[in-house]
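Notes for the one structure printed next.
The values are calculated or read from the model by the stated rules, or taken from the named source; none is laboratory data. All figures in this text were calculated on a predicted structure; none of them were measured in a lab. When we count neighbours, we look across all protein chains shown, and the Cβ atoms used for this are built from the backbone with ideal geometry, even at glycine.
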Amino acid sequence: MRRHALPAFLAVIVFTVVFGLAYPLAMTGIAQLAFRGKASGSKVTANGRLVGSSLIGQEFKSRAYFHSRPSQTEYAPDATYFSNSGPNSVEAREAVRENLAAYVKLEKPYYGSLTREDVPVDAVTMSGSGVDPEISEANAQIQVHRIAAVRHLSLGTVEDLISAHTSGRALGLFGEPGVNVLTLNLALDEEAPIE
Amino acid sequence: MAQGWLQIAVFVAVVVALTPPLGAYMARVYGGRRVFLSPLVGPLERLTYRLLRVDPSAQQGWKDYAKCMMLFSLFSWVLLYLILRTQGIHPFNPEGFDSGPWDVSFNTASSFVSNTNWQYYGGETTLSYFSQMAGLTVQNFVTPAVGVCALLALIRGIVARTGTGLGNFWQDLTRSLYYVLLPLSIVVGLVLVSQGVVQTLDGAAVAKTLEGAEQTLALGPAASQIAIKQLGSNGGGFFNVNSAMPFENGTAFSNFVELLAIVLIPAALTYTYGKLVGRQREGWAIFAAMLAIYLALIVVVVPAEQHGTPAEHAAGTPTEAIDGSTGGNLEGKEQRNGIASSALWATTTTVTSNGSVNSALDSYTGLGGMVPMAGLGTGEVVFGGVGTGLYTMLLYVLLAVFVGGLMVGRTPEYLGKKIQAREIKLVSLGILVTPLAVLATAGLAIATRAGTRSIYQAGPQGFSETLYAYLSQANNNGSAFAGYTGFVQPHAPGNVGAYGISFADLLGGATMTLARFLPIVLVLAVAGSLAGKTISPAGPGTLRTDTPTFVVLLVGVIVLVGALTFFPALLLGPIVQSLTGRLF
């Protein structure tokens, strides 16, 4: 046993240096050289101020903005956790019911024919990360009526902005399309600033 | 839905297509032949042997091989535990996080040294960059390499013609690290950075949102760890919500790459196996058995998640697909992943011993949540962990050969080696350790007050959380029905006032360690036992192990063992939930 102990001990030290320091630090160096912005968090600035990250969603309450999905963490990317709401949970039913009612109440004044059946499920459920940057296209297509009215824009203008901030499927195949709420709202502010 | 099936089909096709080239490459590496990386990596490899003061050509018997492996893992555990417990004094700690509690650190050290990566801690709220790099990333690398070592020893035992040497542990370990895991991690890591996965030593950045709130963007050297987390069947997230976090997996493309990285090496190892035993059909037969179970699980989970949950239906929200939305159960799922990419991940990560998640398994439907449990219940032989998957599968192959031998009334043999009482005893033990550990620990945790403290959800979901926790830890998987907790952190972020639930931490830690190392030693013992046997030529009565018939027999044995062991437990959790619309 003893004659194997020294190599075992040395191996732990050597591999800690190689894989615990050299590898991650070298990768950091390469990443910062090759993809500086992305490696540092895809930060978004407006008027020289850091306003967030294009990969991290934000909470929006104002009627002048597109709204993100419900979040269990109020969009905190520094302490993430799952809602862990089970499939047969009473609390889950209550949460979804409330989200659905609130959504219809907010949007219906601008979109008279809206019913519960039209509301896509991403608008009433919490994402995994709690900071999902995207909403579904169907979700954006409902909110577009409110935004156009509040911002005094034509539906067509806002719809064009939505398409410009919609990411497609990877390689046209994998995942689902989604509308980036933060970058879309920033574009809205540029197009039609609110007082 | 059709679009979802298409992406799954293409994904599986890519896995099948990549298996031969990577498998052949690894066969060359482990056969000691030159590969295109040799000029680059060779000097580093030789330097490592000198630093370790070992002779890589010295053949080891199974006992020496096992001793090296155990000592290496023991020292790894000690160093990791020390790093976690002294976190406050180390560099690369921009948030100034204090050291972790003793019981949670015990669980975490056991978890990462056993290639489980079960996480009671939250990455961005408790760990410094130093702990993530020098502690966890290192174990992310070495533990899959240890798994490959055990596999190589078993293969050498199967093909040995003379002597009892099983190779050299230090050589197998070093080659796995330098020729396979490191190059792949560099490539995958950089692709992930190009997709927005963060890789920086800067501390968190505070943003002021459009509506004027403060938002703290937690950052870190994540991509380098996530690459090996996916490739090495590790699964421990840099961030608490793992690959659901956009900084860990931010685009549909990064999701595809991470998903592929989970299954790439374990799938390719079946081809490597065929090469090393000199019969490619044997490798493909095992691959076929794995693929069959994999596909069977996928076709259950995708429609189950598309259907939605009783809670969603009771709330009156429609879960059918509509124009511009996939519909389905999106609770705990990211918009960019939707149903298909989430459900495919949930299956892939649990059959392979990976354990990373891109959606919240605790929020899956009853039937959908049973699929990950079934994946764990197979003992993770469907591609399985790096090395561990195939060696466990080979135990099942030996068991199937034995069962087949009983049916045709001949002494069972595998690739010319007689399978006798000693081997079958070791094989049975090796297969049964893990399910026994699951049932015993889950039973203990559900029946005691100390155990039920960890439960979050009411009703059968609470039972499912408990069962899942021990299924996952005993199988060295690491995914979770994450409501189940062993760590209470009232002032997150930071460890101030945080404490562990000792029962869950210690029972889990002990289970992970036992269920990792006991089967490994048994596998090495089987290898040693087989190595000493002579190879007898195949006769007309020999049960062939490269035929569709044998694949069916093999799948049957795996399903039977898993079903007999876990069916009663599954009845109490996920099956009850899929049969009722009642809420709790």
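Scoring A:Lys105 on the criteria (1) touching a residue at least 40 places away in the same chain (Cβ under 8 Å); (2) over 20 Å from A:Glu159 (Cα atoms) leaves a single failure, condition (1). Set side by side, the residues B:Ser325, B:Ser342, B:Ser356 differ, and just one is within 14 Å of chain A (Cβ to nearest Cβ), crowded, with 24+ Cβ neighbours inside 10 Å and farther than 30 Å from B:Lys229 by Cα, which is B:Ser325. Checked against (1) at the interface with chain A (Cβ under 10 Å from one of its Cβ atoms); (2) part of a helix (DSSP H, G or I); (3) more than 30 Å from B:Gly189 (Cα to Cα); (4) not aliphatic (A, V, I, L, M), B:Asn255 passes all but condition (3).
Residues in the range B:307-322 that are within 19 Å of B:Gln577 (Cα to Cα) and of a type in the set (S, T, N, Q) were compared, and the one that is surrounded by the fewest Cβ atoms within 10 Å (Cβ to Cβ) is B:Thr319. Right, B:Ser243: touching a residue at least 12 places away in the same chain (Cβ under 8 Å) and crowded, with 24+ Cβ neighbours inside 10 Å or not? In short, yes.
Of all residues in the range B:314-324, none are part of a helix (DSSP H, G or I) and under 26 Å from B:Asn475 (Cβ atoms).
Residue-level check: of (1) within 14 Å of another protein chain (Cβ to nearest Cβ); (2) closer than 30 Å to B:Lys533 by Cβ; (3) not aliphatic (A, V, I, L, M), B:Arg33 misses just (1).
Just one of the listed residues (B:Phe550, B:Phe481) is surrounded by 17 or more Cβ atoms within 10 Å (Cβ to Cβ), away from chain A (no Cβ under 14 Å), modelled with pLDDT of 95 or more and closer than 23 Å to B:Gly389 by Cα, namely B:Phe550.
Return the residues of the range A:151-195 that are surrounded by 13 or more Cβ atoms within 10 Å (Cβ to Cβ) and touching a residue at least 60 places away in the same chain (Cβ under 8 Å); say none if nothing qualifies. Result: A:Arg151, A:Val179, A:Asn180, A:Val181, A:Leu182, A:Thr183, A:Leu184, A:Asn185, A:Leu186, A:Leu188, A:Asp189. Residue pairs whose Cβ atoms lie under 6 Å apart, separated by 6 or more positions or on different chains, with the first residue in the range A:10-32 and under 15 Å from B:Ser185 (Cα atoms) and the second basic (Lys, Arg) and surrounded by fewer than 17 Cβ atoms within 10 Å (Cβ to Cβ), do not occur. On inspection, A:Ser42 fails the criterion of being in contact with a Gly (Cβ under 9 Å, 6 or more places away or on another chain), under 23 Å from A:Glu191 (Cβ atoms) and more than 8 Å from chain B (Cβ to nearest Cβ). Report yes if B:Leu524 is under 21 Å from the mean Cα position of the chain (by Cα) and not small (Gly, Ala, Ser), otherwise no. Yes; evaluated as a whole, the condition is true for this residue. Of everything in the range B:564-578 that's hydrophobic (A, V, I, L, M, F, W, C) and without any contact (Cβ under 8 Å) to a residue 60 or more places away in the chain, which residue is farthest from B:Thr309 (Cα to Cα)? This residue is B:Leu564.
Candidates B:Leu184, B:Leu192, B:Leu154, B:Leu217: the one that is farther than 21 Å from A:Asp132 by Cβ, within 14 Å of another protein chain (Cβ to nearest Cβ), touching a residue at least 12 places away in the same chain (Cβ under 8 Å) and not small (Gly, Ala, Ser) is B:Leu184.
For the range B:177-194, the set of residues classified as of a type in the set (S, T, N, Q) and closer than 19 Å to A:Leu21 by Cα consists of B:Ser185 only. Does any residue of the range B:199-208 turn out to be more than 7 Å from every other protein chain (Cβ to nearest Cβ) and either surrounded by 21 or more Cβ atoms within 10 Å (Cβ to Cβ) or aromatic (Phe, Trp, Tyr) (or both)? Within the range B:199-208 (the criterion being more than 7 Å from every other protein chain (Cβ to nearest Cβ) and either surrounded by 21 or more Cβ atoms within 10 Å (Cβ to Cβ) or aromatic (Phe, Trp, Tyr) (or both)), the answer is no, since none of the residues qualifies. A single member of A:Val96, A:Val119, A:Val51, A:Val104 is of a type in the set (A, V, I, L, M) and more than 8 Å from every other protein chain (Cβ to nearest Cβ), and it is A:Val104. Annotation note: Cβ proximity below 6 Å between a residue of the range A:80-93 that is in the same structural domain as A:Arg69 (by TED's automatic domain parsing) and a residue that is among the hydroxyl-bearing types (Ser, Thr, Tyr) and crowded, with 24+ Cβ neighbours inside 10 Å (sequence gap 6+ or interchain) occurs for A:Thr80/A:Ser129; A:Ser85/B:Ser363; A:Pro87/B:Thr309; A:Pro87/B:Thr365; A:Ala92/A:Ser85. Counting only helices (runs of 4 or more DSSP H) that sit completely within the range B:474-584, those holding 3 or more residues that are among the aromatic types (Phe, Trp, Tyr) correspond to B:548-570.
Of the helices (runs of 4 or more DSSP H) lying entirely inside the range B:13-116, those containing at least 3 residues that are within 30 Å of B:Gly509 (Cα to Cα) are B:62-85, B:102-113.
Under the condition of being buried (at least 20 other Cβ atoms within 10 Å of the Cβ), part of a helix (DSSP H, G or I) and without any contact (Cβ under 8 Å) to a residue 24 or more places away in the chain, the residues counted in the range A:108-140 number 2.
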